[in-house]
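Beneath this line is the structure, given in structure tokens, with notes to follow.
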Amino acid sequence: MITAVDTNVLIDILEGDPEFGAASAAALARAAQEGALVACEAVWAEVATAYAPAEDVAEDLRTLGLRFAPMNEEAALRAARAWARYRQAGGTRSRIAADFLIGAHAACQADRLLTRDDGFHRKHFTGLQVQAPATT
């Protein structure tokens, strides 16, 4: 089982978010027990914005068990199609957002996506198995 991990889950853990941190850490640990953890370049870049220097993020992500897994051509094109459908449906973002890249990466290169943006990803990536950390 390959689990792609979204930025929000990693930030929850790395910053010790009081509301979501524990649930995100538990969900990541369960996913790690079930197989590999990966994150695409969009996730690494977004997480790195919280670090100074940004290069420190690589070690922290590896410590969490993540492997860098860049998008392939199929995923990039799927992201473009999902974003185009979003725009045709009246979406207002004028440039492709990282969420579309992350969702397409998971849909094409992983078995599931661990994210707190589960509604967004289910809507735009039909068939993608989405797992949200359980919060109480």
Fill in: Candidates Leu101, Leu61, Leu113, filtered to the one that is surrounded by 21 or more Cβ atoms within 10 Å (Cβ to Cβ), part of a helix (DSSP H, G or I) and at pLDDT 95 or above
Leu101
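Every residue, every condition in (1) in a loop (DSSP other than H, G, I, E, B); (2) out of contact with any Phe, Trp or Tyr (no Cβ under 8 Å at 6 or more places or on another chain); (3) surrounded by 15 or more Cβ atoms within 10 Å (Cβ to Cβ); (4) of a type outside the set (Asp, Glu), yes or no:
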| position | (1), (2), (3), (4) |
| --- | --- |
| Gln33 | no, yes, no, yes |
| Trp44 | no, no, yes, yes |
| Arg67 | no, yes, no, yes |
| Pro70 | yes, yes, no, yes |
| Arg87 | no, yes, no, yes |
| Gly90 | yes, yes, no, yes |
| Arg93 | yes, no, no, yes |
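Just to be sure before I move on: is Asp12 farther than 16 Å from His105 by Cβ, buried (at least 19 other Cβ atoms within 10 Å of the Cβ) and out of contact with any Leu (no Cβ under 8 Å at 6 or more places or on another chain) in the structure I sent? Walk me through how you get there before you give the answer.
Numbers: farther than 16 Å from His105 by Cβ: yes; buried (at least 19 other Cβ atoms within 10 Å of the Cβ): yes; out of contact with any Leu (no Cβ under 8 Å at 6 or more places or on another chain): yes.
When the stated conditions are applied, Asp12 passes them.
So, in the stretch 7-50, how many residues would count as being of a type in the set (Phe, Trp, Tyr) and touching a residue at least 40 places away in the same chain (Cβ under 8 Å)? It would help to see each step written out before you state the result.
First, the residues of the stretch 7-50 that are of a type in the set (Phe, Trp, Tyr): 20, 44.
Now drop any that are not touching a residue at least 40 places away in the same chain (Cβ under 8 Å), which leaves 20.
The qualifying residues number 1.
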Response to the item:
All-but-one check, Asp56 against (1) among the acidic types (Asp, Glu); (2) closer than 23 Å to Arg93 by Cα; (3) loosely packed, with under 13 Cβ neighbours inside 10 Å, failing number (2)
Worksheet, complete the sentence: Over the stretch 20-54, the set of residues among the aromatic types (Phe, Trp, Tyr) and under 16 Å from the mean Cα position of the chain (by Cα) is Phe20, Trp44
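The values are calculated or read from the model by the stated rules, or taken from the named source; none is laboratory data. Computed from a prediction, not measured in an experiment: that's the story for all the values here. Because the Cβ atoms are built from the backbone with ideal geometry, glycine has one as well, and the counts that use them run over all protein chains shown.
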